[in-house]
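What follows is a single structure, written as C-alpha coordinates, with notes after it.
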Amino acid sequence: MRVNLFGCFRKRRNPETEPLLSEAGPSRSQNEQTQGNNGMAEIGVSQAALVEPRGEGGRKLPQYIAALTATLGALAAGSMLGWSSPVIFKITQANSTDYDFEVSQSQGDWVSSLINLGAAAVCFPIGLIMDALGRKKTMLCLVAPFTLGWLLITFATNVGMLMAGRIITGIAGGAFCVTAPAYTSEIAQDSIRGTLGSYFQLMVTVGILFSYVVGSYTSVFVFNILCTIIPIIFGIVFFFMPESPNFLVVKGRNDEAKEALIRLRGRNYDVDTELDTLINKAEEAKNNPVSFLSAITKKTALKAILICYALMLFQQLSGINAVIFNTSAIFASAGAAIPSAIATIIIGVIQVIATFVSSLVVDKLGRRVLLLFSALVMCVCSTALGVFFFMQGVHGPESSIVQAMSWLPLLSLSLFIIAFSLGFGPIPWMMAGELCLIDIKAFVGSTAGTLNWLLSFTVTSTFNSLNKSIGQGQVFWLFAGIMLVGFIFIFFVIPETKGKSVDEIQIMLGAEPQPQTNTTTTKK
(Lines give C-alpha, C1' and ligand atoms only; values in the text may rest on other atoms or scores of the structure.)
Protein backbone atom coordinates (compact mmCIF):
# COMPACT_ATOMS: atom_id res chain seq x y z
CA MET A 1 0.00 0.00 0.00
CA ARG A 2 2.96 2.37 -0.47
CA VAL A 3 1.01 4.09 -3.20
CA ASN A 4 -1.40 5.40 -0.58
CA LEU A 5 1.33 7.11 1.37
CA PHE A 6 3.11 8.67 -1.56
CA GLY A 7 -0.13 9.83 -3.12
CA CYS A 8 -0.69 12.28 -0.29
CA PHE A 9 2.63 14.14 -0.42
CA ARG A 10 1.56 17.33 -2.09
CA LYS A 11 1.59 21.02 -1.39
CA ARG A 12 -1.30 22.26 0.70
CA ARG A 13 -3.79 24.64 -0.87
CA ASN A 14 -4.03 27.98 0.92
CA PRO A 15 -7.75 28.78 0.96
CA GLU A 16 -7.06 32.52 1.47
CA THR A 17 -4.97 32.88 -1.69
CA GLU A 18 -6.37 30.01 -3.83
CA PRO A 19 -10.12 29.90 -3.21
CA LEU A 20 -12.12 27.12 -4.81
CA LEU A 21 -15.22 27.94 -6.82
CA SER A 22 -17.27 24.88 -6.01
CA GLU A 23 -15.90 23.68 -2.70
CA ALA A 24 -15.41 25.63 0.49
CA GLY A 25 -11.85 25.32 1.77
CA PRO A 26 -10.88 24.74 5.41
CA SER A 27 -11.42 27.56 7.83
CA ARG A 28 -8.63 29.92 8.95
CA SER A 29 -8.56 28.26 12.35
CA GLN A 30 -8.06 24.87 10.75
CA ASN A 31 -5.13 26.23 8.74
CA GLU A 32 -3.52 27.76 11.80
CA GLN A 33 -3.99 24.49 13.65
CA THR A 34 -2.08 22.55 10.98
CA GLN A 35 0.82 25.02 10.53
CA GLY A 36 2.71 23.45 13.40
CA ASN A 37 2.83 20.14 11.56
CA ASN A 38 4.56 21.53 8.47
CA GLY A 39 7.93 19.99 9.23
CA MET A 40 6.54 16.53 9.72
CA ALA A 41 4.34 16.86 6.65
CA GLU A 42 7.27 17.80 4.46
CA ILE A 43 9.28 14.78 5.65
CA GLY A 44 6.28 12.74 4.66
CA VAL A 45 6.24 9.25 6.19
CA SER A 46 3.26 9.39 8.47
CA GLN A 47 -0.12 7.70 8.49
CA ALA A 48 -1.49 11.02 9.68
CA ALA A 49 -1.28 12.13 6.07
CA LEU A 50 -4.07 9.73 5.30
CA VAL A 51 -5.99 9.84 8.54
CA GLU A 52 -5.91 13.41 9.80
CA PRO A 53 -7.56 16.38 8.08
CA ARG A 54 -5.07 18.17 5.80
CA GLY A 55 -5.39 20.62 2.94
CA GLU A 56 -8.94 20.07 1.77
CA GLY A 57 -9.60 18.31 5.06
CA GLY A 58 -10.89 14.82 5.64
CA ARG A 59 -9.28 11.41 5.57
CA LYS A 60 -7.76 10.17 2.33
CA LEU A 61 -7.32 6.50 3.20
CA PRO A 62 -11.00 5.49 2.66
CA GLN A 63 -10.90 7.10 -0.78
CA TYR A 64 -7.76 5.18 -1.73
CA ILE A 65 -9.34 1.92 -0.54
CA ALA A 66 -12.57 2.53 -2.46
CA ALA A 67 -10.67 3.42 -5.64
CA LEU A 68 -8.34 0.42 -5.43
CA THR A 69 -11.31 -1.87 -4.76
CA ALA A 70 -13.20 -0.47 -7.75
CA THR A 71 -10.20 -0.99 -9.99
CA LEU A 72 -10.08 -4.70 -9.18
CA GLY A 73 -12.51 -4.77 -12.10
CA ALA A 74 -9.72 -3.22 -14.16
CA LEU A 75 -7.46 -6.06 -13.00
CA ALA A 76 -10.02 -8.48 -14.42
CA ALA A 77 -10.12 -6.48 -17.66
CA GLY A 78 -6.32 -6.52 -17.85
CA SER A 79 -6.19 -10.29 -17.47
CA MET A 80 -8.74 -10.50 -20.29
CA LEU A 81 -6.54 -8.30 -22.52
CA GLY A 82 -3.35 -10.21 -21.75
CA TRP A 83 -4.96 -13.66 -22.04
CA SER A 84 -4.42 -14.05 -25.78
CA SER A 85 -0.65 -13.48 -25.66
CA PRO A 86 0.27 -16.75 -23.87
CA VAL A 87 -2.85 -18.78 -24.72
CA ILE A 88 -3.40 -18.31 -28.46
CA PHE A 89 0.14 -19.47 -29.22
CA LYS A 90 -0.46 -22.65 -27.19
CA ILE A 91 -3.89 -23.62 -28.50
CA THR A 92 -3.05 -23.02 -32.18
CA GLN A 93 -0.20 -25.56 -32.11
CA ALA A 94 -0.84 -28.80 -33.99
CA ASN A 95 -0.07 -30.93 -30.92
CA SER A 96 -2.07 -28.81 -28.44
CA THR A 97 -4.03 -30.74 -25.81
CA ASP A 98 -5.40 -27.76 -23.88
CA TYR A 99 -8.80 -28.10 -25.56
CA ASP A 100 -10.52 -31.12 -27.10
CA PHE A 101 -10.78 -29.33 -30.44
CA GLU A 102 -8.39 -27.74 -32.88
CA VAL A 103 -8.00 -23.98 -33.27
CA SER A 104 -6.56 -22.70 -36.56
CA GLN A 105 -4.38 -19.61 -36.75
CA SER A 106 -7.15 -17.56 -38.37
CA GLN A 107 -9.62 -18.70 -35.71
CA GLY A 108 -7.05 -17.80 -33.07
CA ASP A 109 -6.82 -14.28 -34.50
CA TRP A 110 -10.59 -13.91 -34.17
CA VAL A 111 -10.61 -15.31 -30.64
CA SER A 112 -7.91 -12.81 -29.75
CA SER A 113 -9.60 -9.72 -31.23
CA LEU A 114 -13.30 -10.38 -30.50
CA ILE A 115 -13.04 -8.74 -27.06
CA ASN A 116 -12.63 -5.39 -28.83
CA LEU A 117 -15.99 -5.76 -30.56
CA GLY A 118 -17.69 -6.88 -27.34
CA ALA A 119 -16.25 -3.92 -25.45
CA ALA A 120 -17.21 -1.47 -28.21
CA ALA A 121 -20.79 -2.78 -28.26
CA VAL A 122 -21.37 -2.22 -24.54
CA CYS A 123 -19.69 1.14 -23.96
CA PHE A 124 -22.67 3.26 -25.04
CA PRO A 125 -25.49 1.36 -23.27
CA ILE A 126 -23.43 1.03 -20.08
CA GLY A 127 -23.46 4.81 -19.74
CA LEU A 128 -27.26 4.80 -19.64
CA ILE A 129 -27.30 1.84 -17.27
CA MET A 130 -24.92 3.38 -14.73
CA ASP A 131 -26.99 6.60 -14.75
CA ALA A 132 -30.08 4.54 -13.95
CA LEU A 133 -28.73 1.98 -11.46
CA GLY A 134 -25.74 3.86 -10.07
CA ARG A 135 -22.02 3.30 -10.41
CA LYS A 136 -21.74 0.71 -7.65
CA LYS A 137 -24.70 -1.48 -8.63
CA THR A 138 -23.66 -1.42 -12.28
CA MET A 139 -20.15 -2.64 -11.50
CA LEU A 140 -21.51 -5.35 -9.18
CA CYS A 141 -23.86 -6.51 -11.95
CA LEU A 142 -20.85 -6.91 -14.27
CA VAL A 143 -19.52 -9.76 -12.11
CA ALA A 144 -22.12 -12.12 -13.63
CA PRO A 145 -21.18 -11.68 -17.33
CA PHE A 146 -17.49 -11.66 -16.48
CA THR A 147 -17.82 -14.98 -14.63
CA LEU A 148 -20.05 -16.47 -17.34
CA GLY A 149 -17.59 -15.47 -20.04
CA TRP A 150 -14.64 -17.05 -18.25
CA LEU A 151 -16.62 -20.24 -17.58
CA LEU A 152 -17.40 -20.53 -21.29
CA ILE A 153 -13.71 -20.05 -22.09
CA THR A 154 -12.63 -22.56 -19.43
CA PHE A 155 -15.04 -25.35 -20.36
CA ALA A 156 -15.33 -24.66 -24.11
CA THR A 157 -16.06 -27.73 -26.23
CA ASN A 158 -15.74 -25.96 -29.59
CA VAL A 159 -14.40 -22.75 -31.12
CA GLY A 160 -17.87 -21.17 -31.01
CA MET A 161 -18.01 -21.41 -27.20
CA LEU A 162 -14.50 -19.98 -27.00
CA MET A 163 -15.48 -17.00 -29.17
CA ALA A 164 -18.71 -16.47 -27.22
CA GLY A 165 -16.76 -16.42 -23.96
CA ARG A 166 -14.33 -13.86 -25.35
CA ILE A 167 -17.16 -11.61 -26.56
CA ILE A 168 -18.91 -11.76 -23.17
CA THR A 169 -15.72 -11.03 -21.22
CA GLY A 170 -15.08 -8.19 -23.68
CA ILE A 171 -18.50 -6.77 -22.87
CA ALA A 172 -17.80 -6.89 -19.13
CA GLY A 173 -14.28 -5.50 -19.51
CA GLY A 174 -15.41 -2.67 -21.77
CA ALA A 175 -18.13 -1.75 -19.29
CA PHE A 176 -15.56 -1.52 -16.48
CA CYS A 177 -13.52 0.87 -18.64
CA VAL A 178 -16.44 3.32 -18.43
CA THR A 179 -17.83 2.79 -14.92
CA ALA A 180 -14.62 2.51 -12.87
CA PRO A 181 -13.09 5.86 -13.99
CA ALA A 182 -16.46 7.60 -13.46
CA TYR A 183 -16.76 6.15 -9.96
CA THR A 184 -13.23 7.05 -8.85
CA SER A 185 -13.50 10.61 -10.17
CA GLU A 186 -16.74 11.17 -8.22
CA ILE A 187 -15.57 9.81 -4.86
CA ALA A 188 -12.22 11.64 -4.85
CA GLN A 189 -11.34 15.05 -3.48
CA ASP A 190 -9.70 17.41 -5.96
CA SER A 191 -6.17 17.02 -4.58
CA ILE A 192 -6.02 13.24 -5.16
CA ARG A 193 -8.44 12.84 -8.08
CA GLY A 194 -5.64 12.34 -10.59
CA THR A 195 -3.88 9.73 -8.47
CA LEU A 196 -7.05 7.74 -7.93
CA GLY A 197 -7.97 8.06 -11.60
CA SER A 198 -4.63 6.62 -12.69
CA TYR A 199 -5.23 3.48 -10.61
CA PHE A 200 -7.53 2.20 -13.36
CA GLN A 201 -4.74 1.96 -15.95
CA LEU A 202 -2.32 0.74 -13.28
CA MET A 203 -4.55 -2.21 -12.47
CA VAL A 204 -5.07 -2.93 -16.17
CA THR A 205 -1.29 -3.23 -16.61
CA VAL A 206 -1.06 -5.42 -13.50
CA GLY A 207 -3.74 -7.68 -15.00
CA ILE A 208 -1.84 -7.88 -18.30
CA LEU A 209 1.40 -8.74 -16.45
CA PHE A 210 -0.51 -11.37 -14.46
CA SER A 211 -1.59 -12.96 -17.74
CA TYR A 212 1.91 -12.86 -19.19
CA VAL A 213 3.46 -14.52 -16.13
CA VAL A 214 0.79 -17.00 -15.04
CA GLY A 215 -0.42 -17.82 -18.55
CA SER A 216 3.11 -18.62 -19.71
CA TYR A 217 3.95 -21.01 -16.87
CA THR A 218 0.66 -22.79 -16.08
CA SER A 219 -1.76 -24.87 -18.11
CA VAL A 220 -4.51 -23.04 -19.99
CA PHE A 221 -7.13 -24.66 -17.72
CA VAL A 222 -5.48 -23.48 -14.49
CA PHE A 223 -4.93 -20.01 -15.95
CA ASN A 224 -8.61 -19.76 -16.98
CA ILE A 225 -9.77 -20.78 -13.50
CA LEU A 226 -7.58 -18.11 -11.89
CA CYS A 227 -8.98 -15.49 -14.30
CA THR A 228 -12.51 -16.59 -13.35
CA ILE A 229 -11.81 -16.00 -9.65
CA ILE A 230 -10.66 -12.37 -10.06
CA PRO A 231 -14.11 -10.80 -10.83
CA ILE A 232 -15.67 -12.87 -8.05
CA ILE A 233 -13.17 -11.46 -5.54
CA PHE A 234 -13.92 -7.98 -6.87
CA GLY A 235 -17.67 -8.46 -6.32
CA ILE A 236 -17.20 -9.64 -2.73
CA VAL A 237 -14.88 -6.77 -1.76
CA PHE A 238 -16.59 -3.97 -3.68
CA PHE A 239 -19.99 -4.88 -2.16
CA PHE A 240 -18.91 -3.07 1.02
CA MET A 241 -17.85 0.17 -0.69
CA PRO A 242 -20.10 3.30 -0.76
CA GLU A 243 -21.99 4.54 -3.80
CA SER A 244 -20.92 7.75 -5.55
CA PRO A 245 -22.23 10.75 -3.51
CA ASN A 246 -22.79 12.68 -6.76
CA PHE A 247 -25.10 10.00 -8.09
CA LEU A 248 -27.04 9.75 -4.81
CA VAL A 249 -27.63 13.51 -4.70
CA VAL A 250 -28.83 13.57 -8.32
CA LYS A 251 -31.34 10.85 -7.40
CA GLY A 252 -32.51 12.85 -4.37
CA ARG A 253 -31.07 10.41 -1.83
CA ASN A 254 -29.35 13.09 0.25
CA ASP A 255 -29.17 11.15 3.52
CA GLU A 256 -27.41 8.29 1.77
CA ALA A 257 -25.10 10.78 0.06
CA LYS A 258 -24.16 12.27 3.45
CA GLU A 259 -23.41 8.84 4.86
CA ALA A 260 -21.28 8.02 1.79
CA LEU A 261 -19.32 11.26 2.25
CA ILE A 262 -18.75 10.46 5.92
CA ARG A 263 -17.43 7.02 4.98
CA LEU A 264 -15.15 8.52 2.33
CA ARG A 265 -13.94 11.63 4.21
CA GLY A 266 -14.28 10.72 7.91
CA ARG A 267 -16.52 12.14 10.63
CA ASN A 268 -14.16 15.02 11.41
CA TYR A 269 -14.63 16.41 7.91
CA ASP A 270 -17.29 19.06 7.27
CA VAL A 271 -19.40 16.93 4.94
CA ASP A 272 -22.31 19.39 5.14
CA THR A 273 -20.46 22.00 3.08
CA GLU A 274 -19.60 19.53 0.30
CA LEU A 275 -23.09 18.03 0.44
CA ASP A 276 -24.69 21.47 0.20
CA THR A 277 -22.60 22.20 -2.89
CA LEU A 278 -23.73 18.96 -4.55
CA ILE A 279 -27.37 19.59 -3.58
CA ASN A 280 -27.29 23.17 -4.88
CA LYS A 281 -25.94 22.00 -8.22
CA ALA A 282 -28.55 19.24 -8.46
CA GLU A 283 -31.36 21.65 -7.58
CA GLU A 284 -30.10 24.21 -10.06
CA ALA A 285 -30.10 21.56 -12.77
CA LYS A 286 -33.60 20.46 -11.72
CA ASN A 287 -35.00 23.99 -11.58
CA ASN A 288 -33.40 24.94 -14.86
CA PRO A 289 -33.90 21.80 -16.92
CA VAL A 290 -31.79 21.54 -20.02
CA SER A 291 -32.46 19.03 -22.75
CA PHE A 292 -29.76 16.48 -23.42
CA LEU A 293 -29.21 18.01 -26.85
CA SER A 294 -28.67 21.44 -25.29
CA ALA A 295 -26.36 20.02 -22.62
CA ILE A 296 -24.25 18.17 -25.15
CA THR A 297 -23.96 21.12 -27.54
CA LYS A 298 -22.82 23.72 -25.01
CA LYS A 299 -19.41 25.23 -25.74
CA THR A 300 -17.86 23.62 -22.68
CA ALA A 301 -19.36 20.22 -23.48
CA LEU A 302 -18.21 20.32 -27.11
CA LYS A 303 -14.66 21.18 -26.07
CA ALA A 304 -14.68 18.42 -23.45
CA ILE A 305 -15.94 15.92 -26.05
CA LEU A 306 -13.28 17.02 -28.54
CA ILE A 307 -10.54 16.52 -25.96
CA CYS A 308 -11.82 13.11 -24.78
CA TYR A 309 -12.28 11.73 -28.30
CA ALA A 310 -8.96 13.12 -29.53
CA LEU A 311 -7.04 11.57 -26.63
CA MET A 312 -8.60 8.17 -27.33
CA LEU A 313 -7.71 8.58 -31.01
CA PHE A 314 -4.10 9.48 -30.29
CA GLN A 315 -3.80 6.71 -27.70
CA GLN A 316 -4.78 3.95 -30.11
CA LEU A 317 -3.00 5.45 -33.15
CA SER A 318 0.19 6.00 -31.17
CA GLY A 319 1.50 2.63 -32.30
CA ILE A 320 1.31 1.00 -28.86
CA ASN A 321 -0.12 -2.23 -30.30
CA ALA A 322 2.47 -2.23 -33.10
CA VAL A 323 5.26 -1.90 -30.55
CA ILE A 324 3.86 -4.66 -28.34
CA PHE A 325 3.26 -6.94 -31.35
CA ASN A 326 6.93 -6.48 -32.35
CA THR A 327 8.33 -7.09 -28.88
CA SER A 328 9.90 -10.43 -29.76
CA ALA A 329 11.22 -9.16 -33.12
CA ILE A 330 12.70 -6.06 -31.51
CA PHE A 331 14.45 -8.09 -28.81
CA ALA A 332 15.78 -10.46 -31.47
CA SER A 333 16.91 -7.53 -33.66
CA ALA A 334 18.90 -6.17 -30.75
CA GLY A 335 20.74 -9.48 -30.51
CA ALA A 336 19.12 -10.40 -27.20
CA ALA A 337 18.72 -14.16 -26.93
CA ILE A 338 15.57 -13.84 -24.81
CA PRO A 339 12.55 -16.16 -25.30
CA SER A 340 9.38 -14.40 -26.43
CA ALA A 341 7.60 -15.22 -23.13
CA ILE A 342 10.37 -13.55 -21.11
CA ALA A 343 10.41 -10.57 -23.49
CA THR A 344 6.69 -9.93 -23.02
CA ILE A 345 7.03 -10.28 -19.24
CA ILE A 346 9.82 -7.69 -19.25
CA ILE A 347 7.59 -5.30 -21.18
CA GLY A 348 4.73 -6.00 -18.76
CA VAL A 349 6.97 -5.17 -15.79
CA ILE A 350 8.08 -1.92 -17.44
CA GLN A 351 4.42 -0.96 -18.02
CA VAL A 352 3.42 -1.62 -14.42
CA ILE A 353 6.37 0.31 -12.95
CA ALA A 354 5.91 3.30 -15.26
CA THR A 355 2.14 3.43 -14.66
CA PHE A 356 2.76 3.25 -10.91
CA VAL A 357 5.16 6.17 -11.18
CA SER A 358 2.49 8.05 -13.14
CA SER A 359 0.02 7.54 -10.29
CA LEU A 360 2.53 9.16 -7.91
CA VAL A 361 3.29 12.23 -10.03
CA VAL A 362 0.04 12.93 -11.91
CA ASP A 363 -1.20 15.19 -9.10
CA LYS A 364 2.21 16.85 -8.78
CA LEU A 365 3.33 17.42 -12.37
CA GLY A 366 -0.16 17.56 -13.87
CA ARG A 367 -1.99 15.83 -16.73
CA ARG A 368 -0.89 18.22 -19.47
CA VAL A 369 2.84 17.96 -18.72
CA LEU A 370 2.71 14.15 -18.68
CA LEU A 371 0.75 14.04 -21.94
CA LEU A 372 3.19 16.40 -23.67
CA PHE A 373 6.18 14.40 -22.43
CA SER A 374 4.51 11.15 -23.45
CA ALA A 375 3.66 12.34 -26.97
CA LEU A 376 7.13 13.79 -27.59
CA VAL A 377 9.08 10.74 -26.41
CA MET A 378 6.78 8.32 -28.26
CA CYS A 379 7.21 10.38 -31.45
CA VAL A 380 11.01 10.20 -31.18
CA CYS A 381 10.97 6.48 -30.34
CA SER A 382 8.63 5.61 -33.23
CA THR A 383 10.88 7.58 -35.59
CA ALA A 384 13.92 5.63 -34.35
CA LEU A 385 12.12 2.29 -34.72
CA GLY A 386 11.07 3.32 -38.23
CA VAL A 387 14.68 4.13 -39.14
CA PHE A 388 15.89 0.76 -37.85
CA PHE A 389 13.26 -1.34 -39.65
CA PHE A 390 13.65 0.73 -42.85
CA MET A 391 17.42 0.18 -42.86
CA GLN A 392 16.86 -3.49 -42.08
CA GLY A 393 14.52 -3.79 -45.07
CA VAL A 394 16.91 -1.98 -47.41
CA HIS A 395 20.27 -3.45 -46.35
CA GLY A 396 19.21 -6.73 -44.73
CA PRO A 397 19.36 -7.81 -41.07
CA GLU A 398 22.96 -9.07 -41.34
CA SER A 399 24.40 -5.90 -42.86
CA SER A 400 27.07 -3.98 -40.95
CA ILE A 401 25.01 -0.78 -40.73
CA VAL A 402 22.07 -2.63 -39.18
CA GLN A 403 24.33 -4.53 -36.78
CA ALA A 404 25.97 -1.24 -35.74
CA MET A 405 22.59 0.12 -34.62
CA SER A 406 21.31 -3.09 -33.02
CA TRP A 407 21.05 -1.27 -29.67
CA LEU A 408 18.55 1.26 -31.08
CA PRO A 409 15.32 -0.83 -31.22
CA LEU A 410 15.64 -2.17 -27.68
CA LEU A 411 16.27 1.29 -26.22
CA SER A 412 13.46 2.81 -28.30
CA LEU A 413 11.03 0.07 -27.26
CA SER A 414 11.73 0.52 -23.55
CA LEU A 415 11.46 4.32 -23.68
CA PHE A 416 8.27 4.10 -25.78
CA ILE A 417 6.57 1.82 -23.23
CA ILE A 418 7.68 4.02 -20.31
CA ALA A 419 6.43 7.21 -22.02
CA PHE A 420 3.10 5.62 -22.95
CA SER A 421 2.55 4.31 -19.42
CA LEU A 422 3.34 7.71 -17.87
CA GLY A 423 0.90 9.70 -20.00
CA PHE A 424 -1.15 8.31 -22.84
CA GLY A 425 -1.88 5.05 -21.04
CA PRO A 426 -3.74 6.25 -17.92
CA ILE A 427 -4.73 9.87 -18.58
CA PRO A 428 -7.20 9.56 -21.52
CA TRP A 429 -9.41 7.25 -19.44
CA MET A 430 -9.68 9.73 -16.57
CA MET A 431 -10.35 12.87 -18.63
CA ALA A 432 -14.08 12.27 -19.24
CA GLY A 433 -14.58 12.07 -15.48
CA GLU A 434 -12.71 15.35 -14.98
CA LEU A 435 -13.87 17.50 -17.90
CA CYS A 436 -17.57 16.60 -18.10
CA LEU A 437 -20.45 17.58 -15.85
CA ILE A 438 -22.48 14.72 -14.45
CA ASP A 439 -25.36 15.21 -16.91
CA ILE A 440 -23.15 14.23 -19.88
CA LYS A 441 -20.34 12.34 -18.15
CA ALA A 442 -21.81 8.89 -18.78
CA PHE A 443 -22.51 9.65 -22.45
CA VAL A 444 -19.05 11.07 -23.16
CA GLY A 445 -17.23 8.38 -21.20
CA SER A 446 -19.17 5.58 -22.88
CA THR A 447 -18.88 6.90 -26.44
CA ALA A 448 -15.18 7.67 -25.96
CA GLY A 449 -14.74 4.09 -24.75
CA THR A 450 -16.58 2.81 -27.82
CA LEU A 451 -14.28 4.83 -30.07
CA ASN A 452 -11.24 3.49 -28.22
CA TRP A 453 -12.20 -0.15 -28.60
CA LEU A 454 -13.17 0.25 -32.27
CA LEU A 455 -9.84 1.91 -33.00
CA SER A 456 -8.05 -0.86 -31.12
CA PHE A 457 -9.83 -3.48 -33.23
CA THR A 458 -9.02 -1.56 -36.42
CA VAL A 459 -5.33 -1.16 -35.63
CA THR A 460 -5.03 -4.78 -34.49
CA SER A 461 -6.73 -6.21 -37.58
CA THR A 462 -4.97 -4.01 -40.17
CA PHE A 463 -1.44 -3.80 -38.81
CA ASN A 464 -0.03 -6.83 -40.66
CA SER A 465 -1.57 -5.81 -43.99
CA LEU A 466 -0.31 -2.24 -43.49
CA ASN A 467 3.20 -3.59 -42.93
CA LYS A 468 3.05 -5.49 -46.20
CA SER A 469 1.62 -2.60 -48.22
CA ILE A 470 3.86 0.31 -47.16
CA GLY A 471 6.66 -1.31 -45.17
CA GLN A 472 7.33 -1.78 -41.46
CA GLY A 473 9.59 1.24 -41.13
CA GLN A 474 7.06 3.50 -42.86
CA VAL A 475 4.31 2.29 -40.50
CA PHE A 476 6.34 3.44 -37.50
CA TRP A 477 6.96 6.80 -39.19
CA LEU A 478 3.20 7.10 -39.66
CA PHE A 479 2.72 6.56 -35.93
CA ALA A 480 5.43 9.15 -35.22
CA GLY A 481 3.62 11.72 -37.38
CA ILE A 482 0.36 11.05 -35.52
CA MET A 483 2.07 11.63 -32.17
CA LEU A 484 3.56 14.88 -33.45
CA VAL A 485 0.03 16.05 -34.26
CA GLY A 486 -1.02 14.87 -30.80
CA PHE A 487 1.73 16.94 -29.17
CA ILE A 488 0.55 20.07 -31.01
CA PHE A 489 -3.08 19.36 -30.07
CA ILE A 490 -2.23 18.92 -26.38
CA PHE A 491 -0.12 22.07 -26.31
CA PHE A 492 -2.80 24.34 -27.77
CA VAL A 493 -6.10 22.75 -26.69
CA ILE A 494 -5.91 20.73 -23.47
CA PRO A 495 -6.08 22.65 -20.16
CA GLU A 496 -4.36 21.59 -16.94
CA THR A 497 -6.94 20.10 -14.55
CA LYS A 498 -4.55 19.22 -11.71
CA GLY A 499 -6.16 20.04 -8.37
CA LYS A 500 -9.01 21.98 -10.01
CA SER A 501 -12.63 21.79 -8.90
CA VAL A 502 -15.48 21.02 -11.28
CA ASP A 503 -16.41 24.71 -11.57
CA GLU A 504 -12.82 25.79 -12.20
CA ILE A 505 -12.46 23.21 -14.97
CA GLN A 506 -15.69 24.37 -16.63
CA ILE A 507 -14.40 27.97 -16.62
CA MET A 508 -11.17 26.77 -18.23
CA LEU A 509 -13.32 25.16 -20.93
CA GLY A 510 -15.06 28.48 -21.59
CA ALA A 511 -17.92 28.73 -19.10
CA GLU A 512 -18.82 32.09 -17.53
CA PRO A 513 -17.83 32.39 -13.84
CA GLN A 514 -20.84 32.17 -11.54
CA PRO A 515 -21.29 34.62 -8.66
CA GLN A 516 -20.12 33.01 -5.44
CA THR A 517 -22.34 32.74 -2.43
CA ASN A 518 -21.09 32.32 1.09
CA THR A 519 -22.08 28.81 2.10
CA THR A 520 -19.64 28.48 4.97
CA THR A 521 -21.31 27.48 8.19
CA THR A 522 -19.92 27.85 11.68
CA LYS A 523 -19.62 24.59 13.54
CA LYS A 524 -19.35 24.39 17.26
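On the given criteria, is residue 296 β-branched (Val, Ile, Thr) and either within 24 Å of residue 386 (Cα to Cα) or without any contact (Cβ under 8 Å) to a residue 40 or more places away in the chain (or both)? Don't jump to the end; show me each part of the working.
On the way: β-branched (Val, Ile, Thr): yes; either within 24 Å of residue 386 (Cα to Cα) or without any contact (Cβ under 8 Å) to a residue 40 or more places away in the chain (or both): no.
No, not satisfied.
Within the bounds of segment 414-423, is there any residue that is at pLDDT below 85 and of a type in the set (S, T, N, Q)?
Kept after step one, since they are at pLDDT below 85, are these residues of segment 414-423: none.
No.
Do we find that residue 132 is among the small types (Gly, Ala, Ser), open to solvent by 40 Å² or more (accessible area, probe 1.4 Å), free of Cβ contacts under 8 Å to residues at least 12 places away in the same chain and outside any helix (DSSP H, G or I) in this structure?
Numbers: among the small types (Gly, Ala, Ser): yes; open to solvent by 40 Å² or more (accessible area, probe 1.4 Å): yes; free of Cβ contacts under 8 Å to residues at least 12 places away in the same chain: yes; outside any helix (DSSP H, G or I): no.
Considered against the rule, which asks whether it is among the small types (Gly, Ala, Ser), open to solvent by 40 Å² or more (accessible area, probe 1.4 Å), free of Cβ contacts under 8 Å to residues at least 12 places away in the same chain and outside any helix (DSSP H, G or I), residue 132 comes out as no.
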**Prompt:** Looking at this structure, is residue 214 more than 22 Å from the chain's Cα centre (by Cα), surrounded by fewer than 16 Cβ atoms within 10 Å (Cβ to Cβ) and of a type in the set (A, V, I, L, M)?
**Reply:** no
**Message:** Which condition from (1) assigned to a loop (DSSP other than H, G, I, E, B); (2) surrounded by 24 or more Cβ atoms within 10 Å (Cβ to Cβ) is the one that residue 498 breaks?
**Reply:** (2)
**Request:** Given the conditions (1) open to solvent by 40 Å² or more (accessible area, probe 1.4 Å); (2) more than 21 Å from residue 480 (Cα to Cα); (3) not hydroxyl-bearing (Ser, Thr, Tyr), report the number of the one that residue 418 does not fulfil.
**Result:** (2)
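Just a yes or no: is a residue in segment 243-258 within 26 Å of the chain's Cα centre (by Cα) and of a type in the set (Asp, Glu)?
Within segment 243-258, the subset within 26 Å of the chain's Cα centre (by Cα) is 243-250, 257.
Next cut, of a type in the set (Asp, Glu) only: 243.
Yes, because at least one residue in segment 243-258 is within 26 Å of the chain's Cα centre (by Cα) and of a type in the set (Asp, Glu).
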**Request:** Determine which member of the set 268, 287, 321 is among the polar types (S, T, N, Q), touching a Pro at 6+ places or on another chain (Cβ under 7 Å) and either surrounded by fewer than 21 Cβ atoms within 10 Å (Cβ to Cβ) or without any contact (Cβ under 8 Å) to a residue 12 or more places away in the chain (or both).
**Result:** 268
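Please verify whether segment 312-324 includes one or more residues that are hydroxyl-bearing (Ser, Thr, Tyr), under 26 Å from the mean Cα position of the chain (by Cα) and over 30 Å from residue 499 (Cβ atoms). Walk me through how you get there before you give the answer.
Within segment 312-324, the first condition is being hydroxyl-bearing (Ser, Thr, Tyr), and the residues that meet it are 318.
With the extra rule that they be under 26 Å from the mean Cα position of the chain (by Cα), the set shrinks to 318.
Remaining after also requiring over 30 Å from residue 499 (Cβ atoms): none.
Within segment 312-324, none of the residues are hydroxyl-bearing (Ser, Thr, Tyr), under 26 Å from the mean Cα position of the chain (by Cα) and over 30 Å from residue 499 (Cβ atoms).
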**Asked** Can you tell me which residues in segment 383-410 are open to solvent by 30 Å² or more (accessible area, probe 1.4 Å) and modelled with pLDDT of 90 or more?
**Response** 383, 387, 390, 391
**Asked** Quick one: which helices (runs of 4 or more DSSP H) sit completely within segment 371-467 and have at least 3 residues that are within 18 Å of the chain's Cα centre (by Cα)?
**Response** 407-422, 427-435
**Prompt:** For segment 249-300, which helices (runs of 4 or more DSSP H) that fit wholly inside it have 3 or more residues that are modelled with pLDDT under 90?
**Reply:** 271-287, 292-296
**Request:** Within segment 301-329, track down each residue that is at pLDDT 90 or above and part of a loop (DSSP other than H, G, I, E, B).
**Result:** 317, 318
**Asked** Which condition number in (1) under 20 Å from residue 459 (Cα atoms); (2) outside any helix (DSSP H, G or I); (3) polar (S, T, N, Q) is the one that residue 97 fails?
**Response** (1)
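The values are calculated or read from the model by the stated rules, or taken from the named source; none is laboratory data. Here the structure is a predicted model, which is why all the values come from computation and not from measurement. Reconstructed Cβ throughout: ideal geometry from the backbone, glycine too, with neighbour counts over all protein chains shown. The protein model used for the area step is the full one, side chains on, heavy atoms only, and it has no ligands, DNA or RNA in it. Shrake-Rupley method; radii C 1.70, N 1.55, O 1.52, S 1.80 Å.
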